[in-house]
1. Quick one: residue B:120 ticks every box in (1) closer than 25 Å to residue A:120 by Cα; (2) more than 14 Å from chain A (Cβ to nearest Cβ); (3) not acidic (Asp, Glu) bar one, so which box is it?
2. State whether one or more residues within segment B:213-234 are assigned to a loop (DSSP other than H, G, I, E, B) and more than 25 Å from residue B:106 (Cα to Cα).
3. What about residue B:200, is it farther than 26 Å from residue B:23 by Cα and more than 10 Å from chain A (Cβ to nearest Cβ)?
4. State all residues of segment A:114-152 that are without any contact (Cβ under 8 Å) to a residue 24 or more places away in the chain and aliphatic (A, V, I, L, M); if no residue qualifies, say none.
5. Among the residues of segment A:229-242, write down those that are open to solvent by 40 Å² or more (accessible area, probe 1.4 Å) and either at pLDDT 80 or above or more than 7 Å from chain B (Cβ to nearest Cβ) (or both).
6. Hey, can you tell me all the residues within segment B:134-169 that are in contact with a His (Cβ under 9 Å, 6 or more places away or on another chain) and crowded, with 24+ Cβ neighbours inside 10 Å?
7. Is it fair to say residue B:272 is in a loop (DSSP other than H, G, I, E, B), at negative phi and within 24 Å of the chain's Cα centre (by Cα)?
8. Within segment A:120-141, identify whether any single residue is within 27 Å of residue B:263 (Cβ to Cβ) and away from chain B (no Cβ under 13 Å), and answer yes or no.
Amino acid sequence: MDILVCIKQVPGSTNVQVDPETGVLKRDSQKGKLNPYDLFALELAFSLRERVGGTVTALTMGPAQAERALLECLYMGADRALLLCDRRFAGADVLATSRALSAGIRRAGPFDLIVCGKQTTDGDTAQVGAEIAELLDIPHACNVREISPAGSGQLMAETVLEREILCVRMSMPCLVTAEKDINTPRLPSFVRKMAASDKAVELLTLDDLPDRDERLYGLTGSATQVERIFPPDNETVQEHWAGPNAELAEKLYAFLLDATLIER
Amino acid sequence: MPHLVIHQKKLTPALVQTLIGLCPFGAISEQNGQLVIGSGCRLCRQCVKAGEGAVELCGDAPAAAVDKSLWRGIAVFAELRGSEVHPVVPELIGKALELRESCPQPVWAVLVGHGCHDAARELAHYGADAVYVYDDPLLDGFDPQRYTACLSDFIVRQHPAAVMVGATMLGRSLAPRTAARFRTGLTADCTRLEMRENSDLVQIRPAFGGNIMARILTPHARPQFCTVRYRVFDRAARRSTPAGPVISLPLPGAALSSGTEIIKRLDRPQEVDISEAERIVAVGRGVRDQRGLELARRLARALDAQLACSRPMVESGAFDPRRQIGLSGRTVKPSLLIALGISGSVQFAAGMGGAECIIAINQDAAAPIMRLAHIAVEGDLYQILPALLERIEKGEATHA
């Protein structure tokens, strides 16, 4: 089974600050890391490969530095790693990102199964997986906690919803997003690091994609546009209480009583 | 193709350093005495604003490709939870009714499922001009492809300007698939929505990990998709009479086939759900030990409140992630939220914005929570809580 895993390099810290005076983003000095949710997706792919054989390919779109995240995937056991890197991909929203990734998958494929993480820690939107599936015109299931081969080009998957779990049979090729905490992701191994040293990350630019119309990608290909970014408005304090702790406790008690939040 | 052009002659050494320093993505660097923009650029245009003319955005996006007058109406996807409509749906309808005040147009609800006519009739009481229903045995249980086929069929029939979907597990699977089918924009987890006279939906949400708000538009595409979490907006009021008809639509041909077959549906055991809680006692890093936790538990019991926490408490293993409030946790909308030893990062605040009354107890008067709370109590929770609990448990008041 040939499996492709979409991964992303995310900021090492989500603590991005904005200057309240100028509205300018303060630069985050932390280095990027592999999106933690992707680790479960990778592990899902590796364990499936162990059961049925085949290959695991890691794919990301990002700046040249994202190569590090792909190398990590190779050290964990990926057979192949692809980096979609081109300034013309910059400023992409969910639609333009999904377009570039699905075009990259078409170019590098065919694959039987695409696995994505549930979401990323920097975007938090959890939307790209389902959009890729639509653009590739294949079935998808989100928040999958278990997957197994079901014969004749099919997979069984357990997909988690709010109040129920659906056991579904999907025809391949298909796409799943991996629920978090469903397995114990393996660590990059030193032996694999040594063995993988000759495996370079393959670079793809817009010119390598099946559809080279640059209006489809990056900022131009994005349906949404960020009109403005701004620091969140802080409500003004209505009341500020200070003083000896015993008095504060008494005041709180009176307040709760007054608001009928407690009974006398 | 929009791209940034650097006018090297307009640069000064000081400006070079400023620009390198302010790029949030580290994409600006100096190479061989020239300022260059690397592949990390996300075209956030901070450098254009601060560049004193040295950085210019060239080649603007193409002009509007869509006739907005052909797209009117706000469609709310009415997710089912069991045999009833998910409680996020009346909240979405409430917001949709508000949005149309600035841009008059119909509000519709779209229900997809099997055996859902009772739910549809009940939903009609919440103010939508019509409730459209796709009801078929093939729609029993969520299949992304069949549900996308139905919602797409509705969009092709009615041409809504905007489609609102609850940011539930189902919604996060359905909305992107349908938005991609129409090659249009989707903004997840909006915390504020407004509508301009030309039906442009102004979508506001925390971005870049949550410490900044972004105002997002879908200026050249229709329909405009957004998802909204449960408990972010106020519910529409239930009226005694239905506001509009329930209209059945035939199953579209595209929903007949699917690459997915549902074999079994299992109940998922119900867990604590702080997003439904009326009262919450939330603890953060300022609650350092078991004794502090016990105090918080006692307070929660006394107030008949749910216990919740901030992200560090989940990371340290002290709490189940389902009790976490924040952008990466749950959104809550209680009438009372008592925040104990919580600093109040924007990440956290994004999940508690809807609380009616926030009381923060914190020793650090400079903590962000102290500016967000309705009552900011500057003091030691290890002193205040025992005294308060004693007063509550004794149950008598002596007003000073």
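The values are calculated or read from the model by the stated rules, or taken from the named source; none is laboratory data. Keep in mind the model is a prediction, meaning the values are calculated, not measured. Cβ sites come from the backbone with ideal geometry, for glycine too, and all protein chains shown count toward neighbours. Quick note on the areas: whole protein, heavy atoms, side chains included, nothing else; ligands and nucleic acids left out. Shrake-Rupley method; radii C 1.70, N 1.55, O 1.52, S 1.80 Å.
1. (1)
2. Pass one, segment B:213-234, residues assigned to a loop (DSSP other than H, G, I, E, B): B:218-223, B:229-234.
Narrowing the set further to residues that are more than 25 Å from residue B:106 (Cα to Cα) leaves none.
No, segment B:213-234 has no match at all.
3. Working: farther than 26 Å from residue B:23 by Cα: yes; more than 10 Å from chain A (Cβ to nearest Cβ): no.
No; evaluated as a whole, the condition is false for this residue.
4. A:150 - this is the single residue of segment A:114-152 that is without any contact (Cβ under 8 Å) to a residue 24 or more places away in the chain and aliphatic (A, V, I, L, M).
5. A:233, A:236, A:239, A:240, A:242
6. Pass one, segment B:134-169, residues in contact with a His (Cβ under 9 Å, 6 or more places away or on another chain): B:135-141, B:144-145, B:166, B:168.
B:144, B:166 - these are the residues of segment B:134-169 that are in contact with a His (Cβ under 9 Å, 6 or more places away or on another chain) and crowded, with 24+ Cβ neighbours inside 10 Å.
7. Numbers: in a loop (DSSP other than H, G, I, E, B): yes; at negative phi: yes; within 24 Å of the chain's Cα centre (by Cα): yes.
Answer is yes for this residue.
8. no
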